[in-house]
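First up is the structure itself, then whatever we jot down about it.
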Amino acid sequence: MRKPVLSFAAGLLLAAASLHASAAGLLATVKARGTVTVAMEGTYPPFNFKDQKTGQLAGYDVDVANLLAKKLGVKAQFVATEWPAILAGLAAKRYDMIVSQVTVNPVREQSFDFSTPYTYSSPMLILRKDDNSNYRSLADLKGKRVGAGQGSVYEQQARAAGGIDVKSYPAAPENLADLAAGRIDAALNDSLITAWLLKTTKLPVKAGARVGKVERAAVTFRKGDPEFKAAINKALAEATADGSLAAISVKWFGIDVSKAP
């Protein structure tokens, strides 16, 4: 007769522990577990991608997530998730947070909480190194040839400006090669991708002006847990103050993209 009683008692203890963890909030749960589960796309270099040599996830977002986890006193456990399902997975509690260049906007803020931003991005022109033209906006490029990714928002933006001869490219390397060769006058891309491209290319090209509104990317988590949000924001503030966040940014982009331009 004792065995069922012991099982029932064990069940009560497990239920009580679960209720305690729930009542304590996500921060206490993460600390007790020793890990924080972090979702990211895993196919978006240089932000998050699988390193071909190690088979492990690498990139700017991975380094940021590991840094935040360390400051929380835990380890980051990564979950690669397809982008279309990443927010739904967070809502379903499949992971604790997302560190995957999620842009903050009013629609998303209705359903999720965000940390202070850790990256800032905007459309940016790319020019040849020997080009001294003072292009400050897309309006300055009317009558010029501008390259952009096929089907991208940057191609749409260039076409919407009017009067620009827009050339579409399947990928950035072809775009930059034509720019370097003088077949186009400028290229248009995201400032973060531009920073990475300029850091890794040997072509004689340089960053031009930002020509659109600034977008903010932040750590994303479920609503209703102010303690966890405060802990993440504190970790980000510490990483900003001690220079470790800037160091990660410079490692991947050659510039500090963690500060608003």
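Just so you know, all these numbers are worked out from the coordinates, no wet-lab data involved. No experiment lies behind these values; they were computed from the predicted model shown. Reconstructed Cβ throughout: ideal geometry from the backbone, glycine too, with neighbour counts over all protein chains shown.
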Rg/Rh ratio calculated on Cα atoms of the stretch 178-242 (Kirkwood radius): 1.19
Residue-averaged 222 nm ellipticity for the chain, from DSSP H runs of 4+ at -39500 (n - 2.57), nearest 500: -12500 deg cm²/dmol
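Normalised by the residues of the chain, what does the relative contact order come to in percent, with Cα pairs under 8 Å and at least six apart?
Relative contact order here is 24 percent.
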Over 20 Å between alpha carbons, listed pairs LYS144/LYS199; LYS167/LYS213; LYS70/LYS234: LYS144/LYS199; LYS167/LYS213
Dipole-positive endmost among ALA217, LEU138, THR35 within the chain (Cβ charges, Cα centre): THR35
Fewest-first sequence of THR194, THR29 by Cβ atoms within 10 Å of each Cβ: THR29, THR194
Semi-axis lengths, Å, the stretch 123-210, gyration tensor of Cα atoms, sqrt of 5 times eigenvalues: 17, 14, 12
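Could you give the DSSP H helices of the chain that reach 30 angstrom or more along their long axis (alpha carbon positions) and whose average Kyte-Doolittle hydropathy is no lower than -0.5?
2-24
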Anchor LYS71: aspartates and glutamates whose Cα lies under 18 Å away (excluding residues fewer than 8 positions away in-chain): ASP61, ASP63, ASP96, GLU227, GLU238, ASP242
Magnitude of the charge dipole, the chain, Cβ model with Lys/Arg +1 and Asp/Glu -1, debye to 20: 460 debye
Value of relative contact order over the stretch 137-261, rounded to a whole percent, pairs C-alpha under 8 Å and six or more apart: 20 percent
Other-chain or far-sequence residues with amide H under 5 Å of ALA76's (modelled H): VAL36
Residue exposure sequence - GLU82, GLU155 - by fewest surrounding Cβ within 10 Å: GLU82, GLU155
P(r) tail fraction, the chain - alpha-carbon pairs more than 23 Å apart, %: 58 percent
The stretch 123-210 - percent relative contact order, Cα under 8 Å, separation 6 or more: 45 percent
Hz values of 3J(HN,Hα) by residue in the stretch 99-113 - Karplus curve (6.51, -1.76, 1.60), Gly and Pro given as x: 10, 7, 6, 7, 6, 7, 8, x, 5, 5, 5, 6, 10, 9, 9
